[in-house]
Each structure stands twice: as structure tokens, then as C-alpha cells.
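Notes follow the structure.
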Amino acid sequence: MRSQLPAVPALLASLLLTSLAGIAPAAWSAEAIVIKFSHVVAPDTPKGRAADKFKELANTYTSGKAKVEVYPNSQLYKDKEELEALQLGAVHMLAPSLAKFGPLGAKEFEVFDFPCIFPNYTGLHKVTQGPLGKQLLDKLDSKGITGLAYWDNGFKIFSSNKPIKAVEDFKGQKLRIQSSKVLDAQMRALSAIPQVMAFSEVYQALQTGVVDGTENPPSNMYTQKMHEVQKFAMVSNHGYLGYAVITNKKFWEGLPADVRTGLEKAMKEATVYANEVAGKDNEDALAAMKASGKTEFYQPSAAEHEALCKAMAPVYEEMGSRVGKDLITSIQKEAAAK
């Protein structure tokens, strides 16, 4: 009688097959080392453009020894699949949003999801480009992941097919979020109904009324054409969306030293580029959406913005222990430092 083997999920099986040859560069030949860089957004977003810039620089600084292949728009993997694919070695580099690391067991990264925690880009970069940011990336080592850099997308705005100008307007609205306990708490603090959904599915959900609205930096909203299916938006800048560029730890450490040095230089320059274009792209996207006339944008006053932050303040008490209250305090202090 044959022994019965346990069933292996189709995704896991395919990833295992792909990873057998891709996880460890033990037998590099004279051929270029192929590095698959997967992401879920459009090529003309800040992340998409930065990935392409890294591709260009990597080829230059490794003298062609490494060939980066960029796969945008969830061509290879969707939100929930890509981290598993990276850990198995089926893909070599990702730039997932910081909210993605909570389900992986690195809950500290959800501190970036807290509403109104960063006053501006200057305060944000003191964290992401300083020792606190590095300490967080180091926590990924135990997951088989090496953190390389932080890339900005930008500060988020709310959008909906129902008017949103004041805190009370959020009540009962179904708003899409990433998988994040902190973002869930944020929406509930506004009396909205959070709906976790993959980024690639949001446009259709907005179009068909499965959800009323969402939150995104303007560049994501514009490049995914969400403004075509959203009647209203509030330029709230209430939270931050950024990415951590990561790689498979075993793959990275197995690269030839000169190749890794070239890639590190390429990543450093691509990061400067990423953060520069993020600010401009979001400004341009917001202007383009306003010019289209398809979405009515509301600019809250300073008092209205303060009221919005105050309404979401209970998130700090509710979720503080999840990410660590000392970490929250340290980030607030660093971000506000002169």
C-alpha cells in the first residue's frame, strides 16, 4: 500500500520548485546574476520608478555582473504572497509597505501606521535614515530577510464616494486598508468599517461599491485611476505610507563580495532618488486629479486637521502595547527634534 503524503498548497509547491535554483548563489558562473525584484504598484509610481533606477544603477555598479529584473503591478505575486515567495527564494527583492511586516511577526513596523506620528518629511527621515530605522530593519534578520533601505511613498489622503469633510462623515463608511491592526484601529476610531483588501483589487471594489473609499498617497490613487471611481477626497495627510526594500538573507549573503558592494552603492543612490521623486510625484498626482474634475478635493483647515488627529488618538492607547510604547515615544521624540 502506498503511503499518503500530506497535500501541499499549490502556491507553496510552485514556490518551492522555483526556489530550489534561486535561493543560494553557490555556483555563480560567468553569466550575469539574475535578481528578480517584484512589486505590486505601477511603474510610474515613486516605488516603481525607484525600482527601475536601482535596476539601471545595479547594472552599472556591478559592471554587468548582476542583472535586475523588475516585475511591477503584481505580475509575479500579490500582497499576501510576495513575502512567502521571498523567504523561499522564488524572488530575490521586494519593497513591501511597512504594514506588511506585522503579520510576519515584526509588529514593531506597524509604528509607521500610527496616525499623525510624523509631522513632516524632515521628522520622518530622522527616523528612517537614523539608528531607530536601522534597529527596526535588523529585526527582520530572524525571518530570513535582510533590510536594505526605506523608500518613501508619501503621506496619505482619504477618498470616498461619500462626502468626507469632518470626523463625523466617516461614520459607517466601508474603507479599504492594508492588513494592519493599527490601521484597523484607526478606522474604527473614526467609526468607519475597515476592509482588508489586496492593493490590486481596490479599483474594482471602489467601482462596484464593495467599499466606499480608502486611504492612499496621491501618486497611488492617481496611477491606479482611483480618482475615476471616487467622488470625494480629503487632503488629510494623516498617515504615512512607506516601503522597506528587502532581500532574501541567504541569497544576499551568498553573493560575491564585489557584486554585493556594487548593489549596496546602487541601493544607496536609488534611495535618494526614490525619496526625491516621491514628494514631486505626489504633488503632480494631486494636481492632475484636481484638474480632471472627477474627484472633489477638500483641504481641511489646521483646526480640522487637529480634530481629525484627536479623533484617532485612542489608537495610541489601544495599540501602544502591540508595537511598544517606548518605541512610539522614541520615534515621536526623534521626529520632533530640532
* To do: Evaluate the stretch 147-163: report whether one residue or more is part of a loop (DSSP other than H, G, I, E, B), touching a residue at least 12 places away in the same chain (Cβ under 8 Å), of a type in the set (A, V, I, L, M, F, W, C) and farther than 23 Å from GLY324 by Cβ.
  => no
* Of (1) outside any helix (DSSP H, G or I); (2) in the same structural domain as LEU136 (by TED's automatic domain parsing), PHE297 satisfies all except one. Which? -> (2)
* Asked: When you go through ALA266, ALA303 one by one, which is the residue that is in a helix (DSSP H, G or I) and assigned by TED's automatic domain parsing to the domain that holds SER180?
  -> ALA303
* Asked: Can we say GLU201 is surrounded by fewer than 22 Cβ atoms within 10 Å (Cβ to Cβ) and either outside the structural domain of SER292 (by TED's automatic domain parsing) or farther than 18 Å from ASP79 by Cα (or both)?
  -> no
* Only residues that are over 30 Å from ALA303 (Cβ atoms) and among the acidic types (Asp, Glu): list them for the stretch 208-267, please. => GLU228, GLU253, ASP258, GLU264
* Structure fact -> Only one of ALA205, ALA278 is part of a helix (DSSP H, G or I), under 17 Å from the mean Cα position of the chain (by Cα) and among the hydrophobic types (A, V, I, L, M, F, W, C), namely ALA278
* Structure fact -> In the stretch 53-87, anything at pLDDT 95 or above, outside any loop (DSSP other than H, G, I, E, B) and touching a helix residue (DSSP H, G or I) at 6+ places or on another chain (Cβ under 6 Å) is listed as LYS53, PHE54, LEU57, ALA58, TYR61, ALA66, VAL68, VAL70
* Please state which of the following conditions VAL40 fails to meet, knowing it meets all the rest: (1) at pLDDT below 90; (2) closer than 18 Å to LYS250 by Cα. => (2)
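The values are calculated or read from the model by the stated rules, or taken from the named source; none is laboratory data. Small disclaimer: the values here were computed from a predicted structure and weren't measured. So basically every Cβ, Gly included, is an ideal-geometry build from the backbone, and we count neighbours across all protein chains shown.
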